[in-house]
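Values quoted throughout were computed directly from the atomic coordinates according to the rules given, and no laboratory measurement underlies them. These numbers were taken from a predicted model, which means no experiment stands behind them. Backbone-built Cβ (ideal geometry, glycine too); neighbour counts: all protein chains shown.
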Amino acid sequence: MAAITTRFRLWASKLRQRRLPLGAKLALGAAALFLLVLVATQPPRIVFPTWRGYPSSHFRKHWGRIVFPFQDAAETRRKAALPKFRFPEGPPFPAFPVHVISLTNATQRRELVQQQLEERGIAFRFFDAVDGTQALPDEEVRWHSSGAKRSGIYGSPPGSFHRRHIADDLSHFRVMHLVLAEGHDMALVFEDDFQLLDEDEDFMQLLKRVMEQLPEDWEIFWLNHGKPIKQDPSKLLGWVGRGVRRFAENSGMLSYAYRRSFALRALNDAQIGDKDIDDLLNDLGALGEVAAYVADPPLVRPHKLHNISQIEVPPVEGGEG
């Protein structure tokens with residue numbers, strides 16, 4: 001920081017020593033006035049990565065962005081004009097895996113998942129979550145964690161808040177590895193405390209109809225609204241299709257679909273950063289690193305069991321904590 005401040009002072013000193021022509025001074029003044037008016041009339045949104053970012057040697061090309069409303073509007077028009085995504089005609093829908101991440105001892109949650117999905121005829125697989133109350137796999141922790149995220153493990157006992165968070169991250173990363181290893185083009189992933197919102201229509205047909213409103217460049221699609229959108233609906237940006245919007249910020253891993261390109265990008269960035277997975281995936285979308293969209297209205301919401309966190313409460317003997 002001191003080096004940057006010194007460089008700025010040297011630059012300002014050199015600028016003061018130069019005698020600019022009157023025309024250049026007027027041009028600079030006009031540009032400054034234009035920027036002031038622009039900021040006053042169209043306040044920009046400033047997007048930075050969450051505070052636990054990448055190590056300085058691995059900063060991404062777009063580590064921060066200043067976006068004016070007219071830029072958002074232009075980007076929305078550009079995305080809306082892209083050809084729409086289409087599922088292949090041949091194989092029966094859905095021709096992609098549906099994974100539900102759940103602890104093996106989460107009996108009540110698994111029963112509710114089975115009730116929702118099986119009565120709708122949706123084929124799915126439970127993916128056994130990494131259990132934060134047990135010893136974490138050291139090799140995976142070192143592969144997917146760095147910085148403060150990894151160092152926080154040492155000295156914290158199994159079942160601690162920190163270890164539960166890392167176990168949650170590893171569970172999602174394992175699913176991504178599985179999707180890639182099995183050669184799938186995309187996958188749909190749920191956590192086990194979701195509730196489908198399909199009172200008037202078969203859920204999978206609803207999902208297909210909405211996803212075919214996505215621009216063909218999509219890489220990740222959130223089915224639910226995370227806390228940022230719930231707290232501030234202005235985080236939802238323009239429509240790019242019926243039921244599909246861009247977003248300024250979203251988070252939460254309750255329900256989302258992604259393509260191979262996204263899984264590869266997320267797994268790569270997980271090796272060089274120290275973010276929780278919800279922050280990592282949110283930042284990739286919010287910073288424009290990947291093509292990210294959100295359903296509006298949401299297709300999924302948290303079940304009432306969502307309030308009984310399996311991360312933020314201490315383990316209870318014989319229970320699901």
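Which of 218, 239 comes first, and how do the rest follow, when ranked by fewest Cβ neighbours within 10 Å?
239, 218
Arrange the peptides 228-235, 123-130 so that the one whose residues have, on average, the most other Cβ atoms within 10 Å appears first.
The packing order, highest mean first, is 123-130, 228-235.
What nm value, rounded to one decimal, do you get for the distance between residue 120 and residue 185 when each label is placed 7 Å out toward the C-beta?
2.2
What does the highest-first list of 249-256, 200-207 look like by mean Cβ count within 10 Å? Please report the intermediate quantities before stating the final value.
Numbers: 249-256: 22.8, 200-207: 14.8.
Put in order of decreasing packing, that is 249-256, 200-207.
If you take every DSSP beta bridge whose two residues both sit in the range 98-307, what share of them, in percent to the nearest 5, is antiparallel? Don't skip to the answer; put the middle values down first.
Working: 16 of 27 bridges.
Here the share of antiparallel DSSP bridges comes out near 60 percent.
At a Förster distance of 35 Å, what's the computed FRET efficiency of residue 198 paired with residue 68, Cβ-Cβ distance as r, to 0.05?
0.40
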